[in-house]
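Please read the structure below before turning to the comments.
The values are calculated or read from the model by the stated rules, or taken from the named source; none is laboratory data. This is a predicted model, so every value here is computed, not measured. Accessible surface areas use protein heavy atoms only, side chains included; no ligands, DNA or RNA. Shrake-Rupley method; radii C 1.70, N 1.55, O 1.52, S 1.80 Å.
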Amino acid sequence: SVGIGGEQTGVYPQSSPGGWNIIGNSPIKVFDVTKKNPCPLNVGDKVKFYSIEKAMHELISVQVHANVFKLESEVYHG
């Protein structure tokens, strides 16, 4: 889940009590202990959240489950 608290945004990698306003969720797991690299994010990474339609969420979920989804990334120079 993705939540907003004040001027910050946080990602909940699992169900837990929080208190932030949950604004959505991601079909991509933020942390998966079964993967060689369990977290696709590193300290200092910038993450952009954007809305998608329910059908796209479902498609990405299927692709993630089938292990064929490729997470996009780019190098930020700024």
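Among (1) assigned to a loop (DSSP other than H, G, I, E, B); (2) open to solvent by 60 Å² or more (accessible area, probe 1.4 Å), which single condition is PRO27 missing?
(2)
May I ask you to list the residues in region 30-73 that are small (Gly, Ala, Ser) and open to solvent by 90 Å² or more (accessible area, probe 1.4 Å)?
Across region 30-73, the qualifying residues are SER51, SER73.
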